[in-house]
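Chemist: Let me give you the structure first, and then I'll get to my questions.
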Amino acid sequence: MGTSPLMRAVRITGHGGPEVLELTEVPVPDPQAGEVLVQVSAVALNNTDLWTREGAYGRPGDPKATSGWRGPIGFPRIQGADVAGRVVAVGAGVEESLVGRRVVVDPAIYDTEGPDANPVGLMGSERDGGYAEYVTAPAERVHDVSESPLTDDQLATLPTAYGTALGMIERGRLRKGETALVSGASGGVGVALVQIARARGAKVIAISSGPKIDAVREAGAHAVVDRAGDIAGQIRSAAPEGIDVALDVVAGELLGEGLPLLREGGRWVVAGALGGYDVSFDVRRLYLHNAQVIGSAMHTPTHFGLLMDLARRAEVQPVVAATFPLEQAARAQEELSRRGHVGKIVMRP
């Protein structure tokens with residue numbers, strides 16, 4: 001391979017604030033049987049990075065427990081789920097033809113081998129991730145995007161944000177001609193939801209804050225609701241016949257207030273809790289109107305394959321809000337936590 005035996009990496013040594021992020025040198029990992037070694041060109045940040053570092057996921061029966069995405073984290077842990085780069089080495093049983101290919105890594109660890117498997121772990125959480133110069137991944141989880149016109153920075157924004165968005169849209173069965181409501185529309189998942197829903201032929205109503213409304217509209221929203229105002233009233237004005245599918249990364253009070261805005265047979269898909277995880281709503285709005293509340297954690301292998309097809313054809317145009325060098329990982333995470341940007345933040349090792 002011709003690389004140094006050591007690489008720079010940023011890892012967390014325990015749960016806590018940005019101070020637990022440490023820049024260090026560690027051995028370049030060896031690809032095991034069935035794996036490839038990817039030289040990281042770009043790695044995107046996600047809320048999962050913040051919550052994993054903070055231990056903010058809770059556990060079943062104890063929502064305030066300090067925990068990683070799916071339980072205890074093995075420390076030290078190299079963070080970073082979203083990787084674009086090039087394959088530089090392969091392990092036993094992997095085709096040598098992959099070497100040199102430009103790839104995006106599916107960061108999910110699945111519960112089964114099937115195309116509709118559910119994610120039960122995540123690169124950067126349950127295994128080391130891409131806050132590093134190199135990362136290993138199972139060969140079946142790297143997708144060749146050598147012909148995509150998207151930049152490496154743009155490609156790195158796709159796995160978690162766009163994968164989560166596509167999973168929500170697929171599980172919500174959003175169809176052409178329907179009306180979709182997108183909460184948190186200026187964030188990475190929100191922009192992805194707007195773009196993919198618009199590409200599907202849906203009418204997109206987005207919720208965002210005043211300073212970001214124009215950028216959300218430019219991303220493809222047909223109408224943008226200012227979250228500082230009467231949200232329900234604005235939605236009724238924009239969609240007087242109701243919402244077919246709500247694509248929600250906020251939850252909290254929005255879910256209870258918004259559920260009556262669904263049309264008959266409407267679907268409310270939840271993939272985040274920026275507004276709070278303790279939710280109450282009138283259950284009659286479910287059974288009397290044949291509505292559904294659907295939980296959606298990331299994507300399936302099938303969803304990710306569809307996403308990579310979109311990337312190869314550049315049918316989505318990810319918005320890169322800012323880039324940082326690897327050694328400024330703490331600063332990059334602090335910028336992410338302020339939520340003053342539109343789109344995704346990317347680091348370059």
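Chemist: Among Glu335, Glu327, Glu315, which is within 25 Å of Arg8 (Cβ to Cβ), in contact (Cβ under 8 Å) with a residue 60 or more places away in the chain and open to solvent by 50 Å² or more (accessible area, probe 1.4 Å)? Lay out the reasoning, then the answer.
Modeler: Working: Glu335 fails: in contact (Cβ under 8 Å) with a residue 60 or more places away in the chain; Glu315 fails: within 25 Å of Arg8 (Cβ to Cβ).
Just a single option satisfies the conditions, and that option is Glu327.
Chemist: Something else: Would you mind telling me which numbered condition in (1) acidic (Asp, Glu); (2) closer than 22 Å to Val319 by Cβ; (3) surrounded by fewer than 17 Cβ atoms within 10 Å (Cβ to Cβ) Asp153 fails?
Modeler: Here Asp153 meets the rest and fails (3).
Chemist: Only one of (1) over 28 Å from Pro301 (Cα atoms); (2) open to solvent by 10 Å² or more (accessible area, probe 1.4 Å); (3) in contact with a helix residue (DSSP H, G or I) (Cβ under 7 Å, 6 or more places away or on another chain) is not met by Leu259, so which one is it?
Modeler: (2)
Chemist: Does Thr157 satisfy the condition of being farther than 30 Å from Gly233 by Cα, within 18 Å of the chain's Cα centre (by Cα), at pLDDT 95 or above and hydroxyl-bearing (Ser, Thr, Tyr)?
Modeler: Yes, satisfied.
Chemist: Restricting to the range 210-227, and then to whatever is among the basic types (Lys, Arg) and in contact (Cβ under 8 Å) with a residue 12 or more places away in the chain, can you tell me which residue is surrounded by the fewest Cβ atoms within 10 Å (Cβ to Cβ)? Before the answer, list the steps.
Modeler: First pass over the range 210-227, keeping only residues among the basic types (Lys, Arg): 212, 217, 227.
From what's left, in contact (Cβ under 8 Å) with a residue 12 or more places away in the chain: 212, 227.
Values: Lys212: 23, Arg227: 21.
My answer is Arg227.
Chemist: Looking only at the range 209-224, how many residues end up being under 20 Å from the mean Cα position of the chain (by Cα), modelled with pLDDT under 95 and of a type in the set (Gly, Ala, Ser)?
Modeler: Of the residues in that region, 3 qualify.
Chemist: All but one of (1) open to solvent by less than 50 Å² (accessible area, probe 1.4 Å); (2) of a type outside the set (A, V, I, L, M); (3) farther than 22 Å from Val194 by Cα hold for Tyr277, so report the exception by its number.
Modeler: Every listed condition holds for Tyr277 apart from (1).
This table checks each residue for (1) out of contact with any Ser or Thr (no Cβ under 9 Å at 6 or more places or on another chain); (2) more than 26 Å from Leu150 (Cβ to Cβ); (3) open to solvent by 10 Å² or more (accessible area, probe 1.4 Å).
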| site | (1), (2), (3) |
| --- | --- |
| Arg236 | yes, yes, yes |
| Asp244 | no, yes, yes |
| Asp248 | no, yes, no |
| Leu254 | no, yes, yes |
| Val270 | no, yes, yes |
| Arg284 | yes, yes, yes |
| Leu307 | yes, no, no |
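Chemist: Another one. Are any residues in the range 116-163 within 28 Å of Glu327 (Cβ to Cβ) and among the β-branched types (Val, Ile, Thr), and if so, which ones?
Modeler: Scanning the range 116-163 gives Val135, Thr136, Val142, Val145, Thr151, Thr157, Thr160.
Chemist: Please enumerate the residues belonging to the range 123-142 that are among the small types (Gly, Ala, Ser) and either at negative phi or assigned to a strand (DSSP E or B) (or both).
Modeler: Of the residues in the range 123-142, the ones among the small types (Gly, Ala, Ser) are 124-125, 129-130, 132, 137, 139.
Ser125, Gly129, Gly130, Ala132, Ala137, Ala139 - these are the residues of the range 123-142 that are among the small types (Gly, Ala, Ser) and either at negative phi or assigned to a strand (DSSP E or B) (or both).
Chemist: Checking the structure you have, find out if any residue of the range 95-113 is among the small types (Gly, Ala, Ser), touching a strand residue (DSSP E or B) at 6+ places or on another chain (Cβ under 6 Å) and at pLDDT 95 or above. Write out each step before concluding.
Modeler: Initial filter on the range 95-113 (among the small types (Gly, Ala, Ser)): 97, 100, 108.
From what is left, the residues that are touching a strand residue (DSSP E or B) at 6+ places or on another chain (Cβ under 6 Å) are 108.
Applying the additional criterion that residues be at pLDDT 95 or above yields 108.
Within the range 95-113 (the criterion being among the small types (Gly, Ala, Ser), touching a strand residue (DSSP E or B) at 6+ places or on another chain (Cβ under 6 Å) and at pLDDT 95 or above), the answer is yes, since at least one residue qualifies.
Chemist: Does Pro107 satisfy the condition of being out of contact with any Lys or Arg (no Cβ under 7 Å at 6 or more places or on another chain), of a type outside the set (S, T, N, Q) and open to solvent by 10 Å² or more (accessible area, probe 1.4 Å)? Outline the logic, then answer.
Modeler: Details: out of contact with any Lys or Arg (no Cβ under 7 Å at 6 or more places or on another chain): yes; of a type outside the set (S, T, N, Q): yes; open to solvent by 10 Å² or more (accessible area, probe 1.4 Å): no.
No: the conditions fail for Pro107.
Chemist: Among the residues of the range 143-169, write down those that are over 14 Å from Val346 (Cβ atoms), out of contact with any Phe, Trp or Tyr (no Cβ under 9 Å at 6 or more places or on another chain) and not in a helix (DSSP H, G or I).
Modeler: Those that are over 14 Å from Val346 (Cβ atoms), out of contact with any Phe, Trp or Tyr (no Cβ under 9 Å at 6 or more places or on another chain) and not in a helix (DSSP H, G or I): Asp144, Val145, Ser146, Glu147, Ser148, Pro149.
Chemist: In the range 195-209, which residues are open to solvent by 30 Å² or more (accessible area, probe 1.4 Å), under 21 Å from Arg236 (Cα atoms) and assigned to a helix (DSSP H, G or I)?
Modeler: Arg198
Chemist: Under 8 Å between Cβ atoms, which residue pairs at least 6 apart in sequence (or on different chains) link something in the range 135-158 that is of a type in the set (Lys, Arg) with a partner that is modelled with pLDDT of 95 or more?
Modeler: As it stands, the answer is Arg141/Val105; Arg141/Asp106; Arg141/Pro107; Arg141/Ala108, since those pairs meet every condition given.
The values are calculated or read from the model by the stated rules, or taken from the named source; none is laboratory data. What you see is a predicted model, and the numbers here were worked out from it, not measured in a lab. Every residue, glycine as well, gets a Cβ built from its backbone with ideal geometry; the counts of neighbours run over all protein chains shown. Heads up: the accessible areas ignore ligands, DNA and RNA and are worked out on the full protein's heavy atoms, side chains in. Shrake-Rupley method; radii C 1.70, N 1.55, O 1.52, S 1.80 Å.
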